[in-house]
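Notes to accompany the following structure.
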Amino acid sequence: MEYGGASLDPEVRAGLAQTWRTLRVIGIVAVVIGCVAILLPQLFSLGAAVFIGCVLVIVSAFLTAAAFTAHGVGSLLARLAWALLTFVVGLWLIIEPHNGTLTLTLVLGIYFLLMGLTRIAVAFMGRGTPNAGWVGLSGVCGLIIGILVLVKFPSSADWAIGLLVGIDLIFAGWTLISVAQVGKELSRDA
C-alpha cells in the first residue's frame, strides 16, 4: 500500500489511523513543555540533572539484583562494581546538579549532533512523503544546535541543557504532530 509515495505496512497504517489523536495530543504537550523549558532553561537544566540522577540510582538497584545472576565471582564483582558506579554517579547528579550539568551538556551536545543527523537521514529516506521536509528541517536545526553548544562549552552548561531539552521537545512534538496528521489522513481513507 502506498501513501504519499512511500510504502506503509498495513499494521503501521492501521496503527496510525487508530492512534493519530493520541499522537497529536502528546505532540502538543511536548511543544508546550518545550516552550516552558526554553523560558526557564536554568530550572530545566538542574531538573534534568536531578532526573537523570534519580534514573541512575533506580537503575543501579536493578544492576545490583542482576549481578547476583552472574556465573563466577569475577563476573559478580564486575557487575557489582558497575552497579556501584551507576549509583555513585546518580547520587552525585542528585546532590551536585550544578556540577553534573557540565557532563550532561557535553553529552547533550553530542546527542543533538547525532539526532540531527538521524532526522536528516529519516527525512531523506522519506522524501516525497508528507511532512518529511519538516523532519529534515528539525534535523538540520538539531545539528546546528549541537555544534553551537559544543563550540561554547563549558560556559554553555549554565543554560544549554534546559534550552536543548526545550528545543528537542518542540522538535519531537512537531514530529509527532506531523505523524498524527498522516494518521488522520489514513483514517479518512479507511
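Points worth noting:
- Helices in the chain, meaning DSSP H runs of at least 4 residues, each add -39500 (n - 2.57). Divided by all residues, the mean residue ellipticity at 222 nm is -30000 deg cm²/dmol.
- Percent of alpha-carbon pairs separated by more than 18 Å within the stretch 50-188: 66 percent
- Axis of helix 97-125 versus longest Cα principal axis of the chain: the two differ by about 30°, to the nearest ten degrees.
- Cα long-axis angle, helix 73-95 against the chain (0 to 90 degrees, to the nearest 10): 80 degrees
- Atom-type composition of the exposed protein surface of the chain places 76 percent of the accessible area on carbon and sulfur (1.4 angstrom probe).
- Per residue, the solvent-accessible area of the chain (1.4 Å probe, heavy atoms of protein chains only, all protein chains present) comes to 58 Å².
- Area projected by the alpha carbon convex hull of the stretch 71-142, averaged over all directions, nm²: 7.9 nm²
- Just so you know, the Cα atoms of the stretch 1-98 work out to an Rg and Dmax of 21.3, 57 Å.
The values are calculated or read from the model by the stated rules, or taken from the named source; none is laboratory data. Note that the coordinates shown come from a computational prediction; the quantities given were computed from them, not determined experimentally. Each accessible area value is taken on the protein alone, full model and side chains, heavy atoms only, with ligands, DNA and RNA left out. Shrake-Rupley method; radii C 1.70, N 1.55, O 1.52, S 1.80 Å.
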